[in-house]
Amino acid sequence: MASRRIYVEGVKKTLFGIGSVEELGERLRRLGMEKVLLVMDSELGKGPLRERISKILEGSSIRYGLYLEVSPEPSPWVADKGAEMGRDLQVQGVVGVGGGSTLDVAKAIAVLVTNGGKAEDYIGLDLVPNPGIPSVMVPTTAGTGSEATFTAVFTMREQKKKGGINSPYLYPELAILDPELTLELPPYITAFTGMDALVHAIESYTSKAAHFLSRPISWEAIQIIGQNLRGAVYNGKDIHARSSMLKGSYLAGLGLAMAGVGLVHAMAYPLGALYDIPHGVANGVILPYVLEYNYPAKVAEYAEISWSLGTEAEGEREAASLLPERCFELLQDVGMPPSLKELGIPREDLPKMAEIAMGVTRPIQNNPRPVDTEAILRIYENAFEG
Ligand SMILES: [Fe+2]
């Protein structure tokens with residue numbers, strides 16, 4: 001599609017390196033901030049990382065309010081309450097330190113402080129009218145790539161729905177990627193957050209919206225994550241594996257911000273909304289079966305990915321058809337659940353899940369192979385038994 005126009009924006013500044021979090025205070029100063037809202041989850045908020053961040057901020061005479069109410073797969077009110085605190089304290093910026101949920105909440109708070117209203121009002125595409133205050137993201141997991149994206153995902157538990165605020169005003173001002181902060185992550189969380197990153201990389205690489213800028217970035221992410229996920233899970237103290245995974249998830253986030261995700265994400269959403277399955281677990285369990293469905297539409301790309309993940313078959317078609325198996329092996333190797341049955345999903349809910357997944361419009365539109373509710377139901381059925 002030579003005539004398609006490509007417009008790209010994103011996270012403005014990125015700092016990567018072991019120990020780079022030590023520059024946080026100084027970087028905030030350079031951004032003109034003297035008072036910020038520090039957003040963390042309640043677990044990290046009790047631990048040594050909070051003390052360390054406090055010292056770093058105090059070292060640069062940055063005053064801060066502490067907001068610790070983030071929990072996994074957050075509800076929109078969590079951002080509303082944080083924004084209220086940010087407004088009361090008249091902060092000039094928001095700093096998110098934590099996993100994807102924390103970063104999403106921090107990004108949403110930054111736009112709510114200036115725009116008013118509630119997070120739920122802005123769920124959708126381009127509904128945020130004005131820029132927020134600047135946000136700074138410090139990820140402690142290598143997964144969502146939230147530090148590089150314009151999305152903040154929330155779970156509406158009463159309506160059993162997930163949805164995201166998607167707005168260019170959500171792009172962070174600065175991402176600080178310090179691999180040391182991921183060294184303590186337990187193997188299981190390393191595994192499922194890493195699988196989320198791999199799915200971002202594969203889905204953005206093969207998305208209908210992929211383009212000349214996004215493709216090389218997504219490709220690099222696939223390579224890095226494919227080569228380092230097992231190492232990070234089984235050798236959590238290996239700083240090289242951790243550094244690589246943090247680079248990989250960041251690149252995958254850049255790819256996803258540019259080209260979107262696909263059917264795996266659409267089908268993972270109901271698992272999170274209805275059963276609170278962590279996002280990366282949901283993506284992982286669905287991935288092989290979506291690849292099986294999609295591969296006739298993307299034979300050349302799937303073959304490239306399959307070879308890069310270790311497939312030895314020479315023919316392109318055969319290599320492409322073996323990609324689901326490569327991904328299933330990876331899931332097994334890192335200890336992820338092999339089927340929806342294992343996750344305790346009731347079989348009779350699959351049709352309802354298929355209806356919901358079909359309504360996740362953008363990922364469905366980006367998917368390389370057209371899909372309908374019936375096809376989705378068949379894929380869920382395949383994933384049920386594993
Ligand atoms: Fe994701």
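The values are calculated or read from the model by the stated rules, or taken from the named source; none is laboratory data. Note that this is a predicted model, so its numbers are computed, not measured. FYI the Cβ positions are ideal-geometry reconstructions off the backbone, even for glycines, and counts take in every protein chain you see. These area figures cover heavy atoms from the full protein model, side chains too; ligands, DNA and RNA do not enter into them. Shrake-Rupley method; radii C 1.70, N 1.55, O 1.52, S 1.80 Å.
A few comments on the model shown:
- Selection count, the range 42-67, where residues are at pLDDT below 95 and either crowded, with 18+ Cβ neighbours inside 10 Å or not hydroxyl-bearing (S, T, Y) (or both): 5
- Scanning the range 372-386 for residues being in a loop (DSSP other than H, G, I, E, B) and farther than 29 Å from N166 by Cα gives a total of 1.
- Taking the numbered list (1) under 13 Å from the mean Cα position of the chain (by Cα); (2) open to solvent by 10 Å² or more (accessible area, probe 1.4 Å) in turn, E180 passes all entries but (1).
- Residue in the range 185-202 that is farthest from the ligand (Cβ to nearest atom), counting only those that are open to solvent by less than 10 Å² (accessible area, probe 1.4 Å) and not β-branched (V, I, T): A191
- Pair list, Cβ under 8 Å, 6 or more apart: the range 89-104 residue within 14 Å of M33 (Cβ to Cβ), other residue surrounded by fewer than 24 Cβ atoms within 10 Å (Cβ to Cβ) and of a type in the set (S, T, Y): V91/Y64; V95/Y64
- Residues of the range 6-30 that turn out to be under 30 Å from P168 (Cβ atoms) and in a loop (DSSP other than H, G, I, E, B), as a count: 8
- Taken over the range 43-81, residues that are closer than 26 Å to G280 by Cβ and of a type in the set (S, T, Y) amount to 3.
- Filtered by the rule that a residue be within 14 Å of the ligand (Cβ to nearest atom) and aliphatic (A, V, I, L, M), the range 279-293 gives V281, A282, V285, I286, L287, V290.
- At least 3 residues being open to solvent by 40 Å² or more (accessible area, probe 1.4 Å) and within 21 Å of P216 (Cα to Cα) is the threshold, and among the helices (runs of 4 or more DSSP H) wholly inside the range 295-356 those reaching it are 299-308.
- For the range 362-371, a residue qualifies if it is open to solvent by 80 Å² or more (accessible area, probe 1.4 Å) and in a helix (DSSP H, G or I), and the qualifying residues are R362, Q365.
- So E73, is it assigned by TED's automatic domain parsing to the domain that holds E173, within 24 Å of G145 (Cα to Cα) and open to solvent by 20 Å² or more (accessible area, probe 1.4 Å): yes
- Some residue of the range 94-111 being open to solvent by 10 Å² or more (accessible area, probe 1.4 Å) and either farther than 29 Å from L271 by Cβ or not assigned by TED's automatic domain parsing to the domain that holds A142 (or both): no
- Some residue of the range 112-119 being within 27 Å of V281 (Cβ to Cβ), part of a loop (DSSP other than H, G, I, E, B), touching a residue at least 24 places away in the same chain (Cβ under 8 Å) and open to solvent by less than 30 Å² (accessible area, probe 1.4 Å): no
- Residue list for the range 222-233, filter: open to solvent by less than 20 Å² (accessible area, probe 1.4 Å) and over 16 Å from R326 (Cβ atoms): A232, V233
- Condition check for M33 on (1) assigned to a loop (DSSP other than H, G, I, E, B); (2) closer than 22 Å to A252 by Cβ; (3) of a type in the set (A, V, I, L, M, F, W, C); (4) assigned by TED's automatic domain parsing to the domain that holds V111: one failure, at (2).
- Of all residues making up the range 127-157, the number that are away from the ligand (no atom under 13 Å from the Cβ) and part of a loop (DSSP other than H, G, I, E, B): 11
- Pairs meeting the criteria (first residue in the range 260-288 and at positive phi, second residue open to solvent by 10 Å² or more (accessible area, probe 1.4 Å) and away from the ligand (no atom under 11 Å from the Cβ), beta carbons under 7 Å, at least 6 apart or on different chains) are G260/A209; G260/R362; G260/N366; D276/E73.
- Any hit, the range 268-275, residues being open to solvent by 40 Å² or more (accessible area, probe 1.4 Å) and within 26 Å of R157 (Cα to Cα): yes
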